[in-house]
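Notes follow once the structure below has been shown.
The values are calculated or read from the model by the stated rules, or taken from the named source; none is laboratory data. Given the structure is predicted, the values throughout are model-derived calculations rather than measurements. Note that we place each Cβ from the backbone using ideal geometry, even for glycine, and neighbour counts take in every protein chain shown.
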Amino acid sequence: MKSISILGSTGSIGTQTLEVIDRLGYKVVGLSSNKNLKLLEKQIEKYKPLEVAVFNKEKADELKEKVDIPVSSGLKGLNRIATLNEADTVVNSVVGSIGLIPTIKSIKSRKNIALANKETLVCAGHIIMGLVKKNKISLMPIDSEHSALFQCLNGENRKKIKQLILTCSGGAFRDKTKKQLEKVKAKDALKHPTWNMGSKISVDSATLMNKGLEVIEAKWLYDIDYNKISVTIHPQSIIHSMVEFNDNSIIAQLSVPSMKLPIEYALTYPDREKGIVKQLDFFKVKKLTFRKPNLKLFECLDLAYKAGKIGGSMPCAVNATNEVLVKKFLENKIGFFDIASNIKKIMKEHNPIKNPSIEEILNVDKKIRKRVEKMII
Ligand code: MN
């Protein structure tokens with residue numbers, strides 16, 4: 001039986017992780033939430049963790065009055081839950097680059113990681129993958145595409161990979177014209193056609209920045225050059241990604257779209273459990289289609305590739321910019337095309353640091369956020 005700590009337990013991935021754990025019968029030893037006390041209290045009652053953290057300090061103080069287990073707050077709190085002695089596995093489903101330091105702390109405390117926080121790898125993939133090796137822990141992706149790639153690569157010679165093909169639903173705006181995109185609002189982005197997800201990732205899916213971040217994530221997870229990673233729009237979200245090999249053979253992973261499968265696989269690998277998702281009915285799917293992404297309308301994907309290729313602190317700068325812009329878009333303060341255009345501005349301004357240290361990454365992250373906040377008033 002595994003003992004799990006979950007960072008971000010009240011979010012979309014966090015709650016689905018708990019559903020998976022219900023079936024697996026694992027022990028939950030630590031939970032953390034941003035500020036959703038109502039749900040966190042319910043989770044505390046049900047799972048009886050040893051300790052919890054609430055990122056928001058006032059909410060943490062409020063919770064302290066109600067429960068008789070240790071409650072901590074802020075990044076310190078996240079780090080405590082990330083390093084609990086009693087946990088052997090940490091699920092990191094925090095949203096944004098705030099998840100980076102807790103991931104590092106977990107790895108250094110020799111916890112196995114199930115990582116939904118892709119920003120960790122986007123900002124510091126060059127450091128994280130080295131730490132994973134050095135500390136001999138396992139890092140499993142909780143991202144449907146990367147879970148698919150992992151399964152397609154199982155037992156294969158990595159040197160014989162021709163390309164990793166990331167599939168992409170296309171997001172809520174995949175069929176919109178330029179004119180329509182000029183007018184889309186946050187609420188439209190949240191109506192994702194095939195996946196039910198949190199607000200930040202739903203906007204990222206709509207701009208294709210999510211796929212851009214995933215390209216960078218794949219580069220680090222599987223140690224592959226950017227020119228060997230491609231993206232195809234696949235509106236049905238049945239094929240979760242594919243690997244093409246030198247002999248032109250392609251291996252794909254298919255299932256009904258549900259994050260519960262990649263979550264469970266990350267927790268049970270190399271084992272598989274029965275029936276967390278329903279069986280795929282081919283005859284109901286009828287057809288699987290593919291098309292190239294439109295990089296003119298969805299420029300964020302192109303910018304993420306460019307940032308990845310430039311490397312150093314550039315992906316971190318782009319990620320920080322995107323996080324601020326998504327927040328502004330969700331507040332209806334900027335439009336759809338403002339996201340890509342402001343990322344381009346920052347990419348022009350930012351002089352990337354080669355091989356940045358964690359301190360340098362955190363510094364870039366902070367500075368860029370301030371800069372973008374000033375740009376958008
Ligand atoms: Mn994904």
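Inside segment 178-217, can you point out the residues that are among the aliphatic types (A, V, I, L, M), modelled with pLDDT of 95 or more and within 15 Å of the ligand (Cβ to nearest atom)? Passing the criteria: Val203, Ala206, Leu208, Met209, Leu213, Val215, Ile216.
Could you tell me which of the residues Ile239, Ile233 is of a type in the set (Val, Ile, Thr), within 16 Å of the ligand (Cβ to nearest atom), farther than 22 Å from Leu303 by Cα and crowded, with 17+ Cβ neighbours inside 10 Å? Let's see the steps before the verdict.
On the way: Ile233 fails: farther than 22 Å from Leu303 by Cα.
Going through Ile239, Ile233 in turn, just one is of a type in the set (Val, Ile, Thr), within 16 Å of the ligand (Cβ to nearest atom), farther than 22 Å from Leu303 by Cα and crowded, with 17+ Cβ neighbours inside 10 Å: Ile239.
What strands (runs of 3 or more DSSP E), lying completely within segment 83-177, carry at least 1 residues that are within 15 Å of the ligand (Cβ to nearest atom) and either more than 14 Å from the chain's Cα centre (by Cα) or among the small types (Gly, Ala, Ser) (or both)? Write out each step before concluding.
Working: elements: 89-92, 112-115, 139-141, 161-168.
Correct list: 112-115, 161-168.
The residue pairs whose first member lies in segment 351-363 and is not assigned by TED's automatic domain parsing to the domain that holds Val122 and surrounded by 12 or more Cβ atoms within 10 Å (Cβ to Cβ), whose second member is modelled with pLDDT of 95 or more and among the acidic types (Asp, Glu), and whose beta carbons are closer than 9 Å, counting only pairs six or more residues apart or on different chains, are Ile353/Glu360. Within segment 124-151, residues that are within 25 Å of Leu18 (Cα to Cα) have Cβ atoms under 9 Å from residues that are more than 16 Å from the ligand (Cβ to nearest atom) and of a type in the set (D, E, K, R) in these pairs: Ile137/Arg110; Ile137/Lys111, counting only partners at least 6 apart in sequence or on another chain.
Asn322 fulfils the conditions (1) within 26 Å of Leu166 (Cα to Cα); (2) touching a residue at least 60 places away in the same chain (Cβ under 8 Å); (3) surrounded by fewer than 17 Cβ atoms within 10 Å (Cβ to Cβ) except for a single criterion, (3).
Considering (1) surrounded by fewer than 22 Cβ atoms within 10 Å (Cβ to Cβ); (2) assigned to a helix (DSSP H, G or I), the lone condition that Ala317 does not fulfil carries the number (1). Being basic (Lys, Arg), surrounded by fewer than 18 Cβ atoms within 10 Å (Cβ to Cβ), under 29 Å from Asp271 (Cβ atoms) and at pLDDT 95 or above is a condition met by at least one residue of segment 136-144.
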